[in-house]
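Report on the structure given below.
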Amino acid sequence: MTHRGSRVLHVGSLARVEGEGALHLTVDGGTVSGAELRIYEPPRFFEAFLRGRSYTEPPDITARVCGICPVAYQMSACRALEDACGVTVDGQRAALRRLLYCGEWIESQVLHIYLLHAPDFLGVDGAVELARTQRAHVERGLRIKQAGNAILEQLSLIH
């Protein structure tokens, strides 16, 4: 069926995106004339958890804000404390932090690409169903995610 006039498609809530998302498309005569994707993170107000706490607690508390990306929250808390105290982290410590971020980024992005987004793009309900027809690709994603996890695990052994 072809729609010859103008049409507006609005998806108010998108699943499987970081934060929340919405999509607004305008179609004129079969051609998309406008597309707006909004991904936004609603305020969580978790700063209230930190009131009255010792300055040493925010990295551990904020690491629990997100189960997928705890390093980003933890390092943000560390950086905020360091900025407040006038501390500069450089050299090997900064390099290790960068590696920590990279490990988390690898495992998090692969999780989203291979296990959350790919099933949607390929028209299946989830990663288990996708593995039935694209097993090698799902296994590849799991190996890459495992590499990111291994980086995080090795760095957690450094004290």
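Some values worked out for this structure:
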item	result
Histogram of C-alpha separations across segment 18-77, 10 Å bin width, %	19, 33, 19, 14, 11, 4, 0
Label-point separation in nm, residue 53 to residue 39, each point 7 Å along Cα→Cβ	2.7
Size of electric dipole in the chain: Cβ of Lys, Arg +1 and of Asp, Glu -1, about Cα centre, debye, nearest 20	240
Dipole in debye (nearest 20) - segment 19-65, about Cα centre, beta carbon charges: Lys, Arg +1; Asp, Glu -1	240
Directionally averaged projected area (convex hull, Cα atoms, segment 106-159), nm²	3.6
The chain: relative contact order as a whole-number percent, Cα under 8 Å and 6+ apart	14
Accessible area of residue 26 in the full protein assembly, 1.4 Å probe (Å², nearest 10)	40
Among 56, 29, 110 the positive-end extreme of the charge dipole of the chain (Cβ point charges)	29
Difference of contour (0.36 nm per residue) and Cα-Cα distance, residue 113 to residue 157	13.0 nm
Estimated translational D of segment 62-106 in µm²/s (Stokes, Kirkwood radius over Cα pairs; 37 °C; 0.692 mPa s)	297
Helix axis angle, 135-156 relative to the chain longest principal axis, alpha carbon, degrees	20
Structure-based [θ]222 nm, the chain - -39500 (n - 2.57) summed over DSSP H runs of at least 4, per residue, nearest 500	-14500 deg cm²/dmol
Extent along principal axes [Cα atoms of segment 68-155; Å; largest to smallest]	54, 21, 14
Hull shadow area, averaged, the chain [alpha-carbon convex hull, nm²]	13.8
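The values are calculated or read from the model by the stated rules, or taken from the named source; none is laboratory data. All figures in this text were calculated on a predicted structure; none of them were measured in a lab. Here the Cβ is made from the backbone with ideal geometry for all residues, glycine too, and neighbour counts use every protein chain on show. These accessible areas exclude ligands, DNA and RNA; they are computed on the full protein's heavy atoms, side chains included. Shrake-Rupley method; radii C 1.70, N 1.55, O 1.52, S 1.80 Å.
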